[in-house]
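Engineer: This structure is in structure tokens; I'll ask about it shortly.
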Amino acid sequence: MVQVEFGVLGPVTAWAADGSAIALKGPQHRAVLARLIVARGRVVPVELLVDDLWVSPPAGAVSAVRTFVAALRRALEPDRPARTPAELLVTEGPGYALLAKPWEVDAWRFEQVMEATAKMPPRDVLLRLKEALSWWRGPAYAEFADAPWTHAERSRLAEVRLLAVERQAEARLALGLAAEAIPDLDAHVAEHPWREDAWRLLALALYRSDRQGDALAVLRRARALLVEQLGVDPGPALRRLEADILNQADHLDPGAGGTAGQVWAQATAAYDRAVATGARARLESTVGLLRNLAVTGGGGLEAAREHRLAAVKAAEELGDVELTARVIGAYDVPAIWTRSDDQFQADQLVAAAQRALAALPPDQDAARSRLLATIAIESRGVSAERGGEAAREAVRLARGLEDPALLAFALNGLFMQSFHRAGLAPERDAIGAELIALSARHGLVTYEVLGHLVRLQARSAAGDFTGADEYAAAADRLAERHELPLVGVFTQWYRALRLAVFEQPGAEAAYREAAVLLDGSGMPGLERGLLPLALLSLNGSPAGEDWGPYEPWVRPLALLAEGRRAEAAEALEEAPDPPGDLLLEAMWCLTARAAIALGNRPVMQRAAAALAPAATELAGAGSGLVAFGPVSRQLDELAAVLR
């Protein structure tokens, strides 16, 4: 698939997968691209493009637009073979559409972050918005500010950006970082004096920084500007704040949450003063912070993943193999999903762990076990042989050291490597049971949650939904008590699965509601293609969806549904064997359905052999997310045709 990112938060540009800028030729080429991005995937007729590009279209304007489009296609998809259809800038009916994904356009990504941060804790809001605001390289669609077709989009994006600045300030105030909020807010109100909420936040930040006089002066300045420039009096929020500041109202104090934020700010400031900038202890402290950050929610998980590899590289640069091993192995964040969120990063982490293992002194069994467990987890779904060996050795070493936390980490690696063939749900059930018992004895809360989720999956595969219900409830109780918001993503998907399996009303609505939780969850490896797959499990229709990583095994059925039998047969031949992950049995069942419909005996035989060990399971239910019926039913259908 072509991987291109588009930037409109500033001059319109595009970047290739390696981060290099793509040459987009002249301003008219960029105008066509910008106009299609504004359309957000909808078709823009050629005639409308002509009208938007020229006030008085010249003769041959339609041909010129087609020339611009052809040049853009060559720039965006330089490796596309001649006479093959474009993937990104496509022809649809009377015009063109840009089929960019939501995360491939910086403006769309920015809006997703804003939507996600509305429900995040303040610490996550700060992290996400700091990154998102850095994407702005200037005004949106900067070089097309005068084009009428950008006006609405530019205004809307500018408003979202202003809201982001104010939300960032709100988060700082909530964390007791009032003094840090003042400079940005001061500049913000100077540029946008009509933003009453910005004035309110600035005055509140000054008050909480023990600058009551300055806070009142800011409110007087706001009143004067609003009256003089807009002819309106301040709204009720500003009037209340002024009265509360004069009365030193108790509710203006940060309260318990703010107190915690102040403690955090003071502690981190003390750490900065006491620990030298280049000290190696900072790297280990950083990884400990990232580990805790990863379980706080989507923004925290994404930030932790982003900075983790940088910490590993920094440790390697110092040339201290034992420090590197500690930095790599300290990130023992429980993992439940068997598809990596960032395979490139995972490969780099595995390579770094292997380098550290090769150089580690022989008496470092604990570090060795952590490195092996890291390899097992990060090579999930990619290298069963290498990952399986690493997982088993990590568990062996951890048992010998009698280190409960290390053993839990190693068992997580063993779980991730228990998908090399179908029918291994009982093995995973045993791993989950050990994780629960071990973690409950030693207070390893996140791994206790992991154990419950593992058993939820395994019990679902076996069709034991009474047992699965108990593990889902236990996971939810622990998550609520210990503020682990990502757990609810999996338990809500499980409850939608349960409705689907028992063919109860509301299953589709439940799946759609569960899919909302994936937005901003920080788990793209889980998110992509999952809702279409769930809907396919309900209605059997594979038409017109973005299947993400499941596309090779759904595509033959989708082509068959469109009556394109020859193409379906070719797609089935090209489809690789499904990877070893939580949806192994589901993908084999989809493959089997297509093979039966197309009469492909070799593929039917492969599917039957692969599915046989899982004859007592529900296909896909071991994911805890979707199910495609009993494996035994699929085996019976295969046997009837192969007889």
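Engineer: List every residue pair whose Cβ atoms sit under 7 Å apart, with the two residues 6 or more apart in sequence or on different chains, where the first one lies in the range 221-236 and is more than 8 Å from P193 (Cβ to Cβ) and the second, anywhere, is open to solvent by 70 Å² or more (accessible area, probe 1.4 Å) and outside any helix (DSSP H, G or I).
Structural biologist: The qualifying pairs are V227/D233; L230/W194.
Engineer: Right, next: For the range 189-206, what are the residues that are surrounded by fewer than 22 Cβ atoms within 10 Å (Cβ to Cβ), part of a helix (DSSP H, G or I) and not hydrophobic (A, V, I, L, M, F, W, C)?
Structural biologist: Within the range 189-206, E191, E196, D197 meet the criteria.
Engineer: Can I ask one more? Please pick out the residue among L450, L444 that is closer than 24 Å to G381 by Cα and among the aliphatic types (A, V, I, L, M). I'd like the intermediate steps shown before the answer.
Structural biologist: Working: L444 fails: closer than 24 Å to G381 by Cα.
Within the list L450, L444, the selection yields L450.
Engineer: Within the range 115-130, track down each residue that is of a type outside the set (A, V, I, L, M), under 20 Å from L486 (Cβ atoms) and surrounded by fewer than 16 Cβ atoms within 10 Å (Cβ to Cβ).
Structural biologist: Answer for the range 115-130, where residues must be of a type outside the set (A, V, I, L, M), under 20 Å from L486 (Cβ atoms) and surrounded by fewer than 16 Cβ atoms within 10 Å (Cβ to Cβ): E115, K119.
Engineer: Give all pairs with beta carbons closer than 7 Å in which a residue from the range 126-143 that is more than 18 Å from L175 (Cβ to Cβ) meets a residue that is outside any helix (DSSP H, G or I) and open to solvent by 20 Å² or more (accessible area, probe 1.4 Å); count only pairs at least 6 apart in sequence or on separate chains.
Structural biologist: Sorted first by the residue in the range 126-143, then by its partner, the pairs are R137/P11; G138/P11; P139/A145; A142/P11; E143/P11.
Engineer: Looking at (1) part of a loop (DSSP other than H, G, I, E, B); (2) modelled with pLDDT of 95 or more; (3) open to solvent by 40 Å² or more (accessible area, probe 1.4 Å), which is the only condition H420 fails?
Structural biologist: Condition (2) is where H420 drops out.
Engineer: Can you tell me how many residues in the range 369-415 are under 30 Å from P630 (Cβ atoms), modelled with pLDDT of 95 or more and either more than 28 Å from the chain's Cα centre (by Cα) or not polar (S, T, N, Q) (or both)?
Structural biologist: Total satisfying the criteria: 4.
Engineer: If you don't mind, another one. Looking only at the range 19-68, filter to residues that are among the β-branched types (V, I, T) and open to solvent by 70 Å² or more (accessible area, probe 1.4 Å); which one of those is modelled with the highest pLDDT? Show your work before the answer.
Structural biologist: Pass one, the range 19-68, residues among the β-branched types (V, I, T): 22, 32, 37-38, 43-44, 46, 50, 55, 62, 65, 67.
The next check asks that each one be open to solvent by 70 Å² or more (accessible area, probe 1.4 Å); those that pass are 55, 67.
On the way: V55: 86, T67: 92.
This residue is T67.
Engineer: Only one of E573, E527, E567, E562 is among the charged types (D, E, K, R) and under 15 Å from T591 (Cβ atoms); which? Even if it seems obvious, please write down each step before you answer.
Structural biologist: Values: E527 fails: under 15 Å from T591 (Cβ atoms); E567 fails: under 15 Å from T591 (Cβ atoms); E562 fails: under 15 Å from T591 (Cβ atoms).
None of the other options fit; the residue is E573.
Engineer: What pairs come up if the first residue lies in the range 85-100 and is at pLDDT 90 or above, the second is of a type in the set (K, R), and their beta carbons are under 8 Å apart, counting only those six or more places apart or on different chains?
Structural biologist: Between residues of the range 85-100 that are at pLDDT 90 or above and residues that are of a type in the set (K, R), the close pairs are L89/R73; A97/R42.
Engineer: Which numbered condition trips up P485, out of (1) part of a helix (DSSP H, G or I); (2) open to solvent by 50 Å² or more (accessible area, probe 1.4 Å)?
Structural biologist: So P485 meets the others, but not (1).
Engineer: While we're on this one: Looking at W103, is it aromatic (F, W, Y) and in contact with a Lys or Arg (Cβ under 6 Å, 6 or more places away or on another chain)? Working first, answer last.
Structural biologist: Numbers: aromatic (F, W, Y): yes; in contact with a Lys or Arg (Cβ under 6 Å, 6 or more places away or on another chain): yes.
Considered against the rule, which asks whether it is aromatic (F, W, Y) and in contact with a Lys or Arg (Cβ under 6 Å, 6 or more places away or on another chain), W103 comes out as yes.
Engineer: Could you look through the range 207-220, keep only residues that are in a helix (DSSP H, G or I) and free of Cβ contacts under 8 Å to residues at least 12 places away in the same chain, and pick out the one that is nearest to P183 (Cα to Cα)?
Structural biologist: Of the residues in the range 207-220, the ones in a helix (DSSP H, G or I) are 207-208, 212-220.
Filter again for free of Cβ contacts under 8 Å to residues at least 12 places away in the same chain, leaving 213-214, 217, 220.
Values: G213: 17, D214: 13, A217: 16, R220: 18 Å.
Among those that are in a helix (DSSP H, G or I) and free of Cβ contacts under 8 Å to residues at least 12 places away in the same chain, it is D214.
Engineer: Has the range 439-458 got any residue that is without any contact (Cβ under 8 Å) to a residue 24 or more places away in the chain and open to solvent by 10 Å² or more (accessible area, probe 1.4 Å)?
Structural biologist: Yes; the residues of the range 439-458 include at least one that is without any contact (Cβ under 8 Å) to a residue 24 or more places away in the chain and open to solvent by 10 Å² or more (accessible area, probe 1.4 Å).
Residues checked against (1) open to solvent by less than 20 Å² (accessible area, probe 1.4 Å); (2) touching a residue at least 24 places away in the same chain (Cβ under 8 Å); (3) out of contact with any strand residue (DSSP E or B) (no Cβ under 8 Å at 6 or more places or on another chain); (4) of a type in the set (K, R):
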site: F110; (1), (2), (3), (4): yes, yes, yes, no
site: V113; (1), (2), (3), (4): yes, yes, yes, no
site: A147; (1), (2), (3), (4): yes, yes, yes, no
site: A152; (1), (2), (3), (4): no, no, yes, no
site: V160; (1), (2), (3), (4): no, yes, yes, no
site: A178; (1), (2), (3), (4): yes, yes, yes, no
site: D186; (1), (2), (3), (4): no, no, yes, no
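Engineer: Can you give me the number of residues within the range 356-391 that are of a type in the set (K, R) and under 20 Å from A405 (Cα atoms)? Before you say what the answer is, go through the steps one by one.
Structural biologist: Quick first cut of the range 356-391, residues of a type in the set (K, R) only: 368, 370, 380, 386.
Now restrict to residues that are under 20 Å from A405 (Cα atoms): 368, 370.
The number of residues fulfilling the criteria is 2.
Engineer: Can you name the residue in the range 584-643 that is among the charged types (D, E, K, R) and in a helix (DSSP H, G or I) and, of all such residues, is surrounded by the most Cβ atoms within 10 Å (Cβ to Cβ)? Spell out how you get there, then give the answer.
Structural biologist: Start the filter on the range 584-643 by keeping residues that are among the charged types (D, E, K, R), which leaves 585, 593, 601, 606, 617, 633, 636-637, 643.
Then drop every residue that is not in a helix (DSSP H, G or I), which leaves 585, 593, 601, 606, 633, 636-637.
On the way: E585: 29, R593: 21, R601: 12, R606: 16, R633: 13, D636: 11, E637: 16.
In this case the residue turns out to be E585.
Engineer: Then there's this: Does L309 satisfy the criteria of being at pLDDT 75 or above and closer than 19 Å to I375 by Cα? Spell out how you get there, then give the answer.
Structural biologist: Values: at pLDDT 75 or above: yes; closer than 19 Å to I375 by Cα: yes.
When the stated conditions are applied, L309 passes them.
Engineer: Just for strands (runs of 3 or more DSSP E) wholly inside the range 1-120: which have at least 3 residues that are of a type outside the set (V, I, T)?
Structural biologist: Values: elements: 4-7, 13-16, 89-92, 95-98.
Where strands (runs of 3 or more DSSP E) fall fully within the range 1-120 and carry at least 3 residues being of a type outside the set (V, I, T), they are 4-7, 13-16, 95-98.
Engineer: Here's something else I'd like to know. If I ask for residues that are closer than 13 Å to H452 by Cβ and hydrophobic (A, V, I, L, M, F, W, C), which ones from the range 469-503 would you list?
Structural biologist: A472, A473, A474, A475, L478, A479, L484, V487, F490
Engineer: Same structure again: Could you grab the pairs with beta carbons closer than 9 Å, sequence gap of 6+ or different chains, first residue in the range 300-327 and over 20 Å from F344 (Cα atoms), second one hydroxyl-bearing (S, T, Y)?
Structural biologist: Pairs that qualify, where the first residue is over 20 Å from F344 (Cα atoms) and the partner is hydroxyl-bearing (S, T, Y), are L318/T324.
The values are calculated or read from the model by the stated rules, or taken from the named source; none is laboratory data. Just so it is clear, the structure is predicted and the values come from calculations on it, not from any experiment. Cβ atoms come from the backbone with ideal geometry, glycine included; neighbour counts cover every protein chain shown. Only protein heavy atoms, including side chains, enter the accessible area calculation; ligands, DNA and RNA are left aside. Shrake-Rupley method; radii C 1.70, N 1.55, O 1.52, S 1.80 Å.
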